[in-house]
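Participant: Structure in structure tokens, see below.
The values are calculated or read from the model by the stated rules, or taken from the named source; none is laboratory data. Just so you know, these numbers come straight off a predicted model, no measurement behind them. As a convention, Cβ positions derive from the backbone with ideal geometry for all residues, glycine included, and neighbour counts pool all protein chains shown. When the accessible area is computed, the model is the full protein with side chains, heavy atoms only, and any ligands, DNA or RNA have been set aside. Shrake-Rupley method; radii C 1.70, N 1.55, O 1.52, S 1.80 Å.
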Amino acid sequence: MESVGSPLTATYAHPRSTPTKFLPAINAMASSYKDRFPYYSLPQNSSFPWMPSPYYKPATVNPTLVPFYKTSQGMTISKKLPLISNRTTFISRYTPDDWYSSNVTNYEESEVSQHNSEHLRADTTCMIHDKYHQTKETQEESTKILGVRANDIEFWKSELSCELDAMMRETNALRDMKQRLERALAETESPLQVAQGCLLQREKRMGIDLVHDDVEKELFTEVSVIRSCQERMQQYLHKIKAQLASNRAAQHELERDLAHKQAAYHIDDKCYHLRNTTDGISYYRGVEEVDATISVPESWAKFTDNNILRSQSERAASSKLRDSSENLLELTASEMRSQFNRVNVAFTNRIAETIDAKTKIRTRLEETLQEIFQMERNIEDIQKAMRDQGPPFKVAQTRLDGRTQRPDMELCRDTAQLHLVNEVHEIYDTVRSLQQRLKDSEDTLQMLVHAKSVLQHELAIKANSLLIDQEKCMRMRRTFPTTVWLRGSV
């Protein structure tokens, strides 16, 4: 079968058979496109005007003498003309003028038929040429529109992919924050048991030493602070679980929309590359009458845009919740650590008050020296932590410096840029907090040194109270988690 739109030549001596295939029906356009492109329905017959075989049969002329033969059959023998050999006179049927007139009439009729045929062939050739170009232009326009549509799908695919990656990163970050909160919440059990154990141990004091002193007040305050921190952590854990569910729902919609976009892009791209010579093209009767569309371009784009906006909203809420959780961990760790230090100071002061016996002076001095050693190690750990902030700080600033080399419009204040700037400020804050903690540790170390000098002068401390406060309570309190553990970072 020759290509659509090309001139076909009919061999009248050998008529062509009726084609068994149909031209592919024009696909039914979506309701949103009906106002953009004219719709022309094709006839639902099995053949088309440029296929002449179903309409025409070979024209043949076989001159015979049948009419004359039938006329002579009704005549009797007497009425039939005698044979030429038996004729005695000349019988004339037509005159020479009739003969010449008949020839002229035949010539004129033949000339008129030939002229009409030539005119029809010329008109047909022009019509075939025009329809060929019209079909070609329509097909090129359809191909162009399909290409534009594929580009639109590719754009939204890119937007969905970027948002999906950002949502996955945010969900992972929020999940890590949840784990940190859970670890921090678990770490608060040990300080709570230590504080309660200290209160239980101090109930064993005897005589006048069984007083409601500052140590006991601070221990009750410590128990209250730890329980308050646990309640707030539990509340944030519930919020994070709910936010994770919302993030997963938004992520599911993005993945579903992206999968549909990829399938649509594959289909439209395949349609875009179809040509008249492509293998596999065929006729599909009545497909142009099928309208299975459920959206218009505006609602189609708005659907994806709404999914992206929903994801961005959930990401913003998740990021805000992460920041709040981070602040909560910092605040609770600071509160518990500060209260722990206050209890320790109260214990130290109380121990300093109770060390009045010479037999306990050396033991108390050894404990104090041990505490000083631990504090010095703590100071070394803080100094090492400050040094460890150097490489990440260099990496962040090097990245920022490298990104300043991006050309022209690529100098975008994107998420990576903001995150790097936040990282630099975060490291600044970390170093400042470590410096403050170093100062606090040095101050505490100075306090311990001062306590050591005080212990050397305190000789009237009762053995039982000293044993409870110094040997039992303070030993338990050495297991108090560090600030890093209380923040759930380890």
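Participant: For residues that are among the hydrophobic types (A, V, I, L, M, F, W, C) and over 17 Å from the mean Cα position of the chain (by Cα), scanning just region 144-161, find the one that is surrounded by the fewest Cβ atoms within 10 Å (Cβ to Cβ).
Facilitator: VAL148
Participant: I've got another one for you. Given the criteria open to solvent by 70 Å² or more (accessible area, probe 1.4 Å), in the same structural domain as SER313 (by the TED database) and modelled with pLDDT of 90 or more, does GLU141 qualify?
Facilitator: Yes; evaluated as a whole, the condition is true for this residue.
Participant: Scanning region 178-219 for residues that are of a type in the set (Lys, Arg) and touching a Ser or Thr at 6+ places or on another chain (Cβ under 7 Å), which turns out modelled with the highest pLDDT?
Facilitator: Only one residue tops the list, namely ARG180.
Residue-wise test of (1) touching a residue at least 12 places away in the same chain (Cβ under 8 Å); (2) part of a loop (DSSP other than H, G, I, E, B); (3) not hydroxyl-bearing (Ser, Thr, Tyr).
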{"residue": "ASN276", "(1), (2), (3)": "yes, yes, yes"}
{"residue": "SER295", "(1), (2), (3)": "yes, yes, no"}
{"residue": "ASP305", "(1), (2), (3)": "no, no, yes"}
{"residue": "GLU314", "(1), (2), (3)": "yes, no, yes"}
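Participant: For ALA173, are the conditions met, namely being of a type in the set (A, V, I, L, M, F, W, C), in contact (Cβ under 8 Å) with a residue 12 or more places away in the chain and over 19 Å from LEU329 (Cα atoms)?
Facilitator: No, not satisfied.
Participant: Got a sec? Which of ARG232, ARG310, ARG256, ARG275 is closer than 19 Å to GLU182 by Cβ and of a type in the set (D, E, K, R)?
Facilitator: ARG232
Participant: Of everything in region 186-228, what is outside any helix (DSSP H, G or I) and without any contact (Cβ under 8 Å) to a residue 60 or more places away in the chain? Give them in sequence order.
Facilitator: Within region 186-228, GLU203, LEU210, VAL211, HIS212 meet the criteria.
Participant: Can you find even one residue in region 323-340 that is in a helix (DSSP H, G or I), hydroxyl-bearing (Ser, Thr, Tyr), closer than 30 Å to LEU219 by Cα and open to solvent by 40 Å² or more (accessible area, probe 1.4 Å)?
Facilitator: Yes - at least one qualifying residue is present in region 323-340.
Participant: On to the next question. With the structure loaded, tell me whether ARG180 is open to solvent by 80 Å² or more (accessible area, probe 1.4 Å) and in a helix (DSSP H, G or I) or whether it fails that test.
Facilitator: The answer is no for ARG180.
Participant: Still on this model: For region 422-450, give me the residue count where each residue is open to solvent by 50 Å² or more (accessible area, probe 1.4 Å) and either free of Cβ contacts under 8 Å to residues at least 40 places away in the same chain or within 16 Å of SER338 (Cβ to Cβ) (or both).
Facilitator: Number satisfying all stated conditions: 15.
Participant: Any idea which of ILE308, ILE351 is under 30 Å from ALA264 (Cβ atoms) and open to solvent by less than 30 Å² (accessible area, probe 1.4 Å)?
Facilitator: Just a single option satisfies the conditions, and that option is ILE308.
Participant: In the list GLU253, GLU222, GLU231, which residue meets the criterion of being open to solvent by less than 70 Å² (accessible area, probe 1.4 Å), of a type in the set (D, E, K, R) and over 33 Å from the mean Cα position of the chain (by Cα)?
Facilitator: Being open to solvent by less than 70 Å² (accessible area, probe 1.4 Å), of a type in the set (D, E, K, R) and over 33 Å from the mean Cα position of the chain (by Cα) holds for just one of GLU253, GLU222, GLU231, which is GLU222.
Participant: Given the structure, is LYS217 open to solvent by 80 Å² or more (accessible area, probe 1.4 Å) and either of a type in the set (Val, Ile, Thr) or under 30 Å from ASN276 (Cβ atoms) (or both)?
Facilitator: no
Participant: Filter region 292-316 down to residues that are under 16 Å from the mean Cα position of the chain (by Cα) and either among the acidic types (Asp, Glu) or modelled with pLDDT under 90 (or both) and give me whichever is nearest to GLU170 (Cα to Cα).
Facilitator: Ranking the candidates gives GLU314 first.
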